[in-house]
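The values are calculated or read from the model by the stated rules, or taken from the named source; none is laboratory data. Quantities reported herein were computed from a predicted structural model and do not represent experimental measurements. Using ideal geometry, Cβ is built from the backbone for each residue, glycine included, and neighbour counts are taken over all protein chains shown. Ligands, DNA and RNA are excluded from the accessible area calculation, which covers all protein heavy atoms including side chains. Shrake-Rupley method; radii C 1.70, N 1.55, O 1.52, S 1.80 Å.
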Amino acid sequence: MQAFRNLAARAPKATAKSVSSRCASTLKEVLAAQIPEKQASLLKLKKEHGDVGLGMVTIDQVIGGSRGIKTMMWETSNLDPEEGIRFRGLTIPDCQKKLPGYQKGGEPTPEALIWLLLTSEVPTKEQADMLTADLHARSKLPAHIEPLIRSFPKDMHPMTQFAAAVAAMQTDSKFAVAYHTVNKKELWQHAYEDILNVFARLPEIAALIYRCRYADGQVKKDLSLDYSGNFCRMLGFTDPTFDELMRLYMVIHSDHEGGNASAHATHLVGSTLSDPYLSYAAGLCALAGPLHGLANQEVLGWILQLQAEFKKAGKPVNKDTIEEFTLATLNSGKVIPGYGHAVLRKTDPRYEAQRQFALKHLPDDPLFHIVSTVYEVVPGVLTKLGKVKNPWPNVDAHSGVLLCHYGFTQHDYYTVLFGVSRAMGALSQLFWDRALGLPLERPKSVTPEFLWSQATKAK
Ligand code: CMX
């Protein structure tokens, strides 16, 4: 035990440093300075302690979607079942306190969070602004992307359009070209370029999909604003409070450690040395599933259906009627969207952060009242089922109502917003995967016969 404490004391801490300790100032220079030390640390860990076991794997875990099996290294964030997410050691309230906002005291900007996720250092306002300028400068889409999006059938789901457009940008990949021409030790530099370019271009792609599907197809940029403010203008929203909501939204949706399907898919595909465009397109396909990111669309659909049915039947919205509606959903063989989680065992702090925003900015919104009453009812109903491991709300239970309040009502689009945000975590980690030269991911599968043979032996 003492030996473990000594080792742990020597290991790099997953806690953000408050000021950049290095003299290098651009994001790429800070990262370049960090790489040799981190490579050496990983090599030492592998060489001297590679044979240390991390626990047994049970048959239940093999059949049950690998829950809890520690099988991936992920440094940008960590998820504790009770406490929720920490980004480089910082909780959501820590980020709100420490990361620079667009304005003093405002919500942290996604640019500040990208800096934190990549470097584990809290950026100064100047560094975050420098990254904003860099992202704006990189934001021009390859010429074929706009016509491609305009050519999609109007009824193609926005997430299908989004994943297809991100994959189609691969024509611009510097990493894919470099793979054939440079020493693999230098590949991280090209991954960096692609990753920053993906961050820079996702908002315009997302906005084009939105404007083509629901509006006049025109996208108007405002590069005098930050990443989120410009994104809101491109979508067609001008309320500064909505800009703040978008900053909060993007930060809390950015990363949720590595095991979630979108992050894991990005990491897995990236491990084949597929470039960041294709890797993140894979992540977006995973995010589009209703048990993962698409749940945000499902939640609003569920609440609107509840509201419409109650109105038609002349029923009041209260705890009793919501309980009835919840039971009817469960009895029809469906899940309650926005509730439950594979890791969390408490109310998601991302839900709580959105609730605080609602209490401050829209306390009297009728949909917010429904969401709050659902929160009072659903955990009890799910607990009574006896099989649900986490009856508490997750991030998706709240986001739609906030968006709706500001007139963003097209809920079949909501997962695209999640997709713009999730890139920040999944691709920051992908940067480190390449900088550390992590190998092809290739876990072992086993047959049912093997499991039966092990089960029989254990008796
Ligand atoms: N409503 C009804 N049943 C639920 C439930 C919910 N919200 N959450 C879990 N259950 C059920 C499961 O379907 C499972 O039932 P079966 O044994 O009949 O298959 C049982 O409870 C045990 O599941 P669990 O171990 O508690 O949860 P999992 O790790 O298997 O699944 C999740 C996690 C998120 C897929 C599940 O809670 C769910 O389907 N929630 C609703 C969809 C949702 O909100 N997804 C978004 C999650 C956040 C994100 O990734 O974006």
Practice task
Considering (1) open to solvent by 20 Å² or more (accessible area, probe 1.4 Å); (2) of a type in the set (S, T, N, Q); (3) touching a strand residue (DSSP E or B) at 6+ places or on another chain (Cβ under 8 Å), say which one ASN394 fails and leave the rest.
Solution key: (1)
Problem - Residues within the stretch 284-311 that are open to solvent by less than 70 Å² (accessible area, probe 1.4 Å), near the ligand (Cβ under 7 Å from one of its atoms), touching a residue at least 40 places away in the same chain (Cβ under 8 Å) and not in a helix (DSSP H, G or I), tallied - result: 1
Fill in the blank from the handout: Per the filter on the stretch 321-344, residues under 28 Å from GLU82 (Cα atoms) and in contact with a helix residue (DSSP H, G or I) (Cβ under 6 Å, 6 or more places away or on another chain) are ILE322, GLU323, THR326, ILE336, PRO337, GLY338, TYR339
Exercise for the section: Sort out which residues of the stretch 327-350 are part of a helix (DSSP H, G or I) and within 10 Å of the ligand (Cβ to nearest atom), and write them in order of number. Expected result: THR329, LEU330, ARG350
Problem - Of residues in the stretch 384-413 being part of a helix (DSSP H, G or I) and within 11 Å of the ligand (Cβ to nearest atom), the one nearest to PRO240 (Cα to Cα) - result: SER399
Exercise for the section: Could you figure out which of (1) within 16 Å of the ligand (Cβ to nearest atom); (2) in a loop (DSSP other than H, G, I, E, B) isn't true of ASP60? Expected result: (2)
Exercise for the section: Tell me, yes or no, whether the stretch 435-456 has at least one residue that is closer than 30 Å to LEU118 by Cα, part of a helix (DSSP H, G or I) and either without any contact (Cβ under 8 Å) to a residue 24 or more places away in the chain or of a type outside the set (Phe, Trp, Tyr) (or both). Expected result: yes
Handout entry: Boolean, ALA191 is in contact with a His (Cβ under 9 Å, 6 or more places away or on another chain), assigned to a helix (DSSP H, G or I) and in contact (Cβ under 8 Å) with a residue 40 or more places away in the chain
Key = no
Practice task
Provide a single number: the residues in the stretch 353-364 that are farther than 16 Å from ASN296 by Cβ and either within 13 Å of the ligand (Cβ to nearest atom) or open to solvent by 20 Å² or more (accessible area, probe 1.4 Å) (or both).
Solution key: 6
Handout entry: Index of the failed condition, GLY314 passing every other in (1) open to solvent by 20 Å² or more (accessible area, probe 1.4 Å); (2) of a type outside the set (D, E, K, R); (3) within 15 Å of the ligand (Cβ to nearest atom)
Key = (3)
Practice task
Kindly state which helices (runs of 4 or more DSSP H) lie completely within the stretch 77-178 and contain at least 1 residues that are open to solvent by 30 Å² or more (accessible area, probe 1.4 Å) and either not assigned by TED's automatic domain parsing to the domain that holds ALA353 or not basic (Lys, Arg) (or both).
Solution key: 92-98, 125-137, 145-151, 158-168
